[in-house]
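Notes follow once the structure below has been shown.
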Amino acid sequence: MINRAITVVDIPLFKDGFDTAVDLVLSEIIHGESSGTNRCISATGAHGIIEAKEDADFKKVLNEFYINLPDGMPGVWVGRAKGAKAMDRCYGPDFFEAMMVKSCKTTIKHFFCGGMEGVADKLKQACSVKFENNNVVGTFCPPFMDVKDYDYESISDLINSSGANIVWVGISSPKQEKFAKYLSQFTQVDFLITVGAAFDFHIGNVKQAPKWMQKSGLEWLFRLSVEPKRLYKRYVSIVPKFAFYGVKDLINYKLKLNK
């Protein structure tokens, strides 16, 4: 993890703001600093943080990532309360969009890995229309199986032969981060970036919450109302757990400061 993070409930989150994160990634590619380094980036919110709290292997994966973007407002609030005043939300779908827009007139090449059958191909078309980015050099839809069972060498051969700089992984957390970590052992790219439901959002398969709900930390409530059967168990567990661990983290932080 680069030295631009603040720890929130044991996970280092990027603290220098959305625009800085976008410019940092683009700059490292353009100047050749990240060539072939396979640096992993996640967009991590309360869901990922709580998963890491309960899964030591996943926690290790996130702590080894180059950057963990604060995907949700709760993580940002804790980070700001610990002194990271420039910290703001780096929402996965917004980060993806900004990267597509800012790289459209460069030689930076993108590869989409994730989604249901056909989603990545639709996203490639959407990027051409919405962002005028025609630098998508390949797509792959991973079949449904355990994250340890994929033929990562075969997938990486497809990616490496495409000449991609960035591999965008859109599955779901924590599987997508583990997938990216395994894949990074075989790829020869600059970045592997996990962005969750960004694929479905940008092709219109899933509705996004209004901006005011996103900024208020209420996106979870909107998504729950849209997909109650799928997300009910997740949010009933995550919301109170993050509130508990977040407050505990802040209390411990204040106690250390006052020693």
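Helix 152-162 and the long axis of the chain differ in direction by around 60°, with both axes built from C-alpha atoms. Centroid-to-centroid, using Cα positions, the range 216-255 and the range 3-79 are 19 Å apart. Taking all protein chains into account, the per residue accessible area for the range 142-249 stands at 51 Å² (1.4 Å probe).
Quick check: at a probe of 1.4 Å, how many percent of the accessible area of the range 98-158 sits on carbon and sulfur atoms?
Working: 1780 of 3390 Å².
For the range 98-158, the apolar C and S fraction of the accessible surface comes to 52 percent.
Calculated mean residue ellipticity at 222 nm for the chain: -15500 deg cm²/dmol, from DSSP H runs with n ≥ 4 weighted as -39500 (n - 2.57), summed, divided by the residue count and rounded to 500.
Compared with the dominant principal axis of the Cα atoms in the chain, helix 228-257 is inclined by about 60°. Highest mean first, the peptides 84-92, 8-16 sorted by other C-beta atoms within 10 Å per residue fall in the order 8-16, 84-92.
Compared with the dominant principal axis of the Cα atoms in the chain, helix 119-130 is inclined by about 90°. Averaging the sequence gap over all C-alpha pairs within less than 8 Å and six or more residues apart, then dividing by the number of residues, gives the chain a relative contact order of 23 percent. Rolling a 1.4 Å probe across all protein chains gives TYR253 an accessible area of roughly 60 Å². Across MET73, MET100, MET213, mean-square fluctuation computed from a Gaussian network of the chain (C-alpha pairs under 10 Å connected) peaks at MET213. Rolled with a 1.4 Å probe across the full set of protein chains, the surface gives THR37 an accessible area near 60 Å².
Solvent exposure of the range 2-99 amounts to 36 Å² per residue of accessible area, where only protein heavy atoms count and the probe is 1.4 Å.
Based on the Cβ-Cβ distance from ARG234 to VAL101, what FRET efficiency comes out when R0 is 35 Å, to the nearest 0.05?
On the way: r = 31 Å, r/R0 = 0.88.
Here the calculated transfer efficiency is 0.70.
The values are calculated or read from the model by the stated rules, or taken from the named source; none is laboratory data. Because the structure is a prediction, the values reported are computed rather than measured. Reconstructed Cβ throughout: ideal geometry from the backbone, glycine too, with neighbour counts over all protein chains shown. With ligands, DNA and RNA removed, areas are computed over all heavy atoms of the protein, side chains included. Shrake-Rupley method; radii C 1.70, N 1.55, O 1.52, S 1.80 Å.
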